[in-house]
Amino acid sequence: MSATKKNSSGFTLLPLLLILFCLCPVFSVAQETATIGKIIALRGKALAGTEAGISRSLAIGSEIAVADVIITGRRCRLQIIFADSSIVSLGPAGNFVVKEYAWDAQTRQGKMTSRINEGVFRVLGGSITRTSPQNFITETPSATIGIRGSMYAGRVRDGQLQVVFQGGKGIYVRNSLGRVEISTPGFGTRLTGPEQPPETPYPFSPQELELLDPVVAVAPPLPMATPSRESGVSPESV
């Protein structure tokens, strides 16, 4: 699976996105309350919710701050670029939040702690993963994912996690019951919940890889709207 191709739906991928970002003003984050990223690609509807329960519609160019809960609609795909050039892609029916973020463009030091509560995602590490990889983690209900200047994709569904390494130096997946290191592209692991350790890494099938691609992923059917515990909105309301 290539990170640089353009699929039939017309969703814009990384090369164009990086060009778009270069055309925008370069921004640096000194405080966690500042703007930390921008929406650079969006297909469908998405909202950003706050802890106060206030939500706003997102569009290309919308700014993202720490603690914004990003809710993607049933047919939504979006990409966010952060101040250090890290890129997060989200598929349909997703729930994502950046809990901590800091980036100093002069010292080239920073940190990023994000959380995927639901949905399909892809993370392409930026400068933080090269200069401060220990400070870049992605939390999920089942495990924490660490990165070393790499790219990975995953899916969270009802607390279950699948994650695959797609290139770079490697990732790890850990929880209180175990830890695995993955450095071979196309290999990944899965967990049925936080009460299970990560499985021994194995090669993902083409079918599994397609399910983990936020560009082509299809939102799973939901029998009823389930409000987000963090933002008061759900994918069905987007």
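General observations
- Here ASN117 clears all of (1) within 22 Å of PRO194 (Cα to Cα); (2) without any contact (Cβ under 8 Å) to a residue 40 or more places away in the chain; (3) not charged (D, E, K, R) except the condition numbered (2).
- Every condition in (1) buried (at least 18 other Cβ atoms within 10 Å of the Cβ); (2) of a type in the set (Val, Ile, Thr); (3) within 13 Å of the chain's Cα centre (by Cα) is met by THR189 except one, and the failing one is (3).
- Residue in segment 111-124 that is outside any strand (DSSP E or B) and touching a Gly at 6+ places or on another chain (Cβ under 6 Å) present: no
- Subset of segment 68-109 (residues that are more than 24 Å from THR131 (Cα to Cα), without any contact (Cβ under 8 Å) to a residue 40 or more places away in the chain and part of a loop (DSSP other than H, G, I, E, B)): ASP68
- The set of residues from segment 159-189 being β-branched (Val, Ile, Thr) and in a loop (DSSP other than H, G, I, E, B) comprises just one member, THR184.
- Pairs where the first residue, in segment 191-211, is modelled with pLDDT of 95 or more and the second is surrounded by 17 or more Cβ atoms within 10 Å (Cβ to Cβ) and among the basic types (Lys, Arg), C-beta under 7 Å, 6+ apart: GLU199/ARG190
- Checking each residue in segment 163-187 for being more than 19 Å from PHE136 (Cα to Cα) and touching a strand residue (DSSP E or B) at 6+ places or on another chain (Cβ under 6 Å) picks out PRO185, GLY186, PHE187.
- So THR107, is it β-branched (Val, Ile, Thr) and surrounded by fewer than 24 Cβ atoms within 10 Å (Cβ to Cβ): yes
The values are calculated or read from the model by the stated rules, or taken from the named source; none is laboratory data. Every value quoted in this text rests on a predicted model; they were computed, and no experiment measured them. All Cβ positions, glycine included, derive from the backbone under ideal geometry; neighbour counts span all protein chains shown.
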